[in-house]
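The block underneath contains the structure these notes are about, expressed in structure tokens.
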Amino acid sequence: MRVYSYTYRRNPDIVVEALLRAGGVCEDCKQTAPFDRASDGTPYLEVHHVQSLANNGEDTLSNVLAICPNCHRKRHYG
């Protein structure tokens with residue numbers, strides 16, 4: 001059996017811009033980030049593609065949200 005895996009190149013500038021745009025507040029539930037990163041003290045949010053790259057979504061600022069881990073899981077699982 002063969003298993004294929006695909007990777008998608010993401011523009012790191014999009015991630016940075018989305019996090020700056022959010023200003024430490026989840027763009028879904030509007031709550032403050034749940035904690036700060038140990039590495040640099042910035043608010044921890046995850047950048048999520050509204051239309052996934054696997055479904056031909058673009059890696060653009062208009063197609064991403066900076067969201068808390070709970071909202072991120074909710075968007076993927078339910």
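The values are calculated or read from the model by the stated rules, or taken from the named source; none is laboratory data. Remember, it's a predicted structure, so these values are computed and weren't measured experimentally. Please note: Cβ atoms are built from the backbone with ideal geometry, for glycine as well, and neighbour counts cover all protein chains shown. All accessible areas refer to the heavy atoms of the entire protein, side chains included, with ligands and DNA or RNA removed. Shrake-Rupley method; radii C 1.70, N 1.55, O 1.52, S 1.80 Å.
This table checks each residue for (1) assigned to a loop (DSSP other than H, G, I, E, B); (2) touching a strand residue (DSSP E or B) at 6+ places or on another chain (Cβ under 6 Å); (3) of a type in the set (D, E, K, R); (4) free of Cβ contacts under 8 Å to residues at least 24 places away in the same chain.
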site	(1), (2), (3), (4)
MET1	yes, no, no, yes
SER5	yes, no, no, yes
LEU19	no, yes, no, no
PRO34	yes, no, no, no
VAL47	no, yes, no, no
SER62	no, no, no, yes
ARG73	no, no, yes, yes
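Among the residues of the stretch 42-77, those that are of a type outside the set (A, V, I, L, M), open to solvent by less than 90 Å² (accessible area, probe 1.4 Å) and more than 12 Å from the chain's Cα centre (by Cα) comprise THR42, PRO43, GLY57. Restricting the stretch 1-36 to residues that are basic (Lys, Arg) and within 22 Å of ASP59 (Cβ to Cβ) leaves a set whose member that is farthest from the chain's Cα centre (by Cα) is ARG9.
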